[in-house]
Amino acid sequence: MISPKHGFALVTPASRGLGFAFAQQLLAKTKLPVVATARKNCAEIRDQLLSSEGLPKDAEQRLRLLEVDVTDEATISSMADTIREEYPQTPLRIALAIPGILHVEKSPAQIDAANALHSFQVNALGPLLLMKHLAPFLPTKSSSEFPDTHDSESKDELKLPSHAIYAMMAARVGSISDNNSGGWYSYRASKSSVYQIAKTFDLYLRGRSAEKALAVALHPGTVRTDFTKEFWSGRDMLEPLDSADRMLRFLAGLPPGIKDGRGRCWDWKGEEVLP
């Protein structure tokens, strides 16, 4: 295991789809410890991740699966306590907070109060609570820069920057300026909030961390997962590993300067998605 000064990576949740792919990529293409979460079946998901092709021999030692339900703050707080205990003095280097739930409403009459509340609990409040408990792990102004662990002879290894990255999953349908078709009321509204959360958190980090840490929102494209299964027909789809790889490489190359793109939403092609 590398030194704590190199930091750790976190993916929440990582039980399937894009989160699972992010965890795979971080295990395969970095040397960092990877903390991943799931609401249930953690041992099973850990085994599935470790059975992925192309993982290095130390993947089993580096992977930790923790039980987290973003609608239950106690589980998020417990995750933070476990990280402090098991990775003492280890800063958070790259975080991918990607909870999401979709309840489709094609017209106002289809809006169900319980489903709408669930959308906001997972898509909006979930990222807020994760941010609350993970923010203390990010570097401050006085922290040292992360050392370079990149192997110049490895073409596949992800070259991480010397600053921390906190990314949360938005969606293009959360963009007000891009809304040309309507529908999906609670999903659109709850995902719109992620744009605001990312911007507000990044403003906080500018004061607390300066250029040692940044926050952004992401749009992954339309990814072929169970989440999008009803919409596969007639669409250009990205495979989860492809989308995760493209977003990680974009994040790794994003500078921390105020005018460089921090606090904004970016898609898998590295193009800005306006609020």
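We did not get these values from a lab; they are worked out from the coordinates using the rules stated. Here the structure is a predicted model, which is why all the values come from computation and not from measurement. Note: ideal-geometry Cβ built from the backbone for every residue, glycine included; neighbour counts use all protein chains shown.
Output wanted: per-residue J couplings in Hz (rounded whole) for the stretch 137-148, from phi through Karplus 6.51 cos²θ - 1.76 cosθ + 1.60, θ = phi - 60°, x for Gly and Pro.
Calculated HN-Hα couplings, in order: 7, 6, x, 9, 4, 7, 6, 6, 5, 5, x, 7 Hz.
Rank Gln61, Gln24, Gln121 by mean-square fluctuation in a GNM of the chain with C-alpha springs under 10 angstrom and give only the top-ranked residue.
Gln61
What is the magnitude of the charge dipole of the chain about its Cα centre, with +1 placed on the Cβ of each Lys and Arg, -1 on the Cβ of each Asp and Glu, and no other charges, expressed in debye to the nearest 20?
Working: 33 positive and 33 negative charges, 131 e Å.
Here the size comes out at about 640 debye.
Short version: ³J(HN,Hα) in whole Hz for each residue of the stretch 163-169, in order, from phi by Karplus 6.51 cos²θ - 1.76 cosθ + 1.60 (θ = phi - 60°), x for Gly and Pro, what are they?
Karplus-based 3J(HN,Hα) across the stretch 163-169 equals 10, 8, 10, 10, 10, 10, 8 Hz.
For Ser177 and Tyr204, calculate 0.36 nm times their separation in residues minus their Cα-Cα distance, and state this gained length in nm to one decimal.
Details: separation 27, 0.36 × 27 = 9.72 nm, distance 2.53 nm.
Between Ser177 and Tyr204, full extension yields an extra 7.2 nm.
Please state the equivalent ellipsoid semi-axes for the stretch 30-160: what are the square roots of 5 times the Cα gyration tensor eigenvalues, largest first, in whole Å?
Value: 32, 19, 16 Å, ordered largest first.
I'm spelling it out carefully: the read-out is Rg and Dmax of the Cα atoms in Å, the candidates are (i) 28.7, 91; (ii) 17.8, 58; (iii) 22.0, 73, and one was derived from this structure. Which label?
(ii)
Amide H neighbours of Ala164 under 5 Å, counting only residues 5+ apart in sequence or on other chains, H built in-plane at 1.01 Å?
Result for Ala164 returns Ala213, Leu214.
In nm, give the distance between the simple-model label positions of Ala252 and Leu117, each being 7 Å from the Cα along the Cα-to-Cβ direction.
4.4
Of the beta bridges DSSP finds with both residues in the chain, what % are antiparallel, to the nearest 5?
Bridges in the chain that DSSP calls antiparallel: roughly 5 percent.
Which value at 222 nm does the chain reach when only helices count, each DSSP H run of 4 or more adding -39,500 (n - 2.57), with the total divided by all residues and rounded to the nearest 500 deg cm²/dmol? Kindly include the intermediate steps, with their values, before the conclusion.
Numbers: 8 runs with 94 residues, N = 275.
Value at 222 nm, helices only: -10500 deg cm²/dmol.
For an R0 of 30 angstrom, estimate the FRET efficiency from the Cβ-Cβ distance between Ala109 and Glu239 and round to the nearest 0.05. Intermediate results must be reported in sequence, preceding the final value.
Numbers: r = 36 Å, r/R0 = 1.20.
With R0 = 30 Å, the Cβ-Cβ based efficiency is 0.25.
Give the distance, in whole Å, between the Cα centre of the stretch 166-207 and the Cα centre of the stretch 66-114.
For the stretch 166-207 versus the stretch 66-114, the Cα centre distance is 16 Å.
Among Ile83, Ile101, Ala23, whose Cα projects farthest towards the positive end of the dipole of the stretch 16-120, with charges put on the beta-carbon of Lys, Arg (+1) and Asp, Glu (-1)?
Positive-most Cα among the choices belongs to Ala23.
Please give the FRET efficiency for Ala189 paired with Ser52, using the beta carbon to beta carbon distance and R0 = 41 Å, rounded to the nearest 0.05. Don't skip to the answer; put the middle values down first.
On the way: r = 35 Å, r/R0 = 0.86.
Rounded to the nearest 0.05, the efficiency is 0.70.
Just want the ordering: Ser190, Ser78, Ser181, from fewest to most Cβ atoms lying within 10 Å of their own Cβ. All intermediate terms of the calculation are to be shown ahead of the outcome.
Values: Ser190 28, Ser78 15, Ser181 7.
The most exposed by this proxy come first: Ser181, Ser78, Ser190.
Can you bin the stretch 129-185 into rounded, prolate or oblate? Criterion: square roots of the alpha carbon gyration tensor eigenvalues sorted a ≥ b ≥ c, rounded for a/c under 1.5, prolate for a/b above b/c, oblate for the rest. Spell out each step's value before the answer.
Values: a/c = 3.73, a/b = 1.70, b/c = 2.19.
Here the stretch 129-185 falls in the oblate category.
Hey, which of these cross-link pairs are over 22 Å Cα-Cα: Lys106/Lys199; Lys57/Lys269; Lys5/Lys269; Lys5/Lys141?
Working: Lys106/Lys199 29 Å; Lys57/Lys269 31 Å; Lys5/Lys269 31 Å; Lys5/Lys141 15 Å.
In this structure, Lys106/Lys199; Lys57/Lys269; Lys5/Lys269 lie more than 22 Å apart at Cα.
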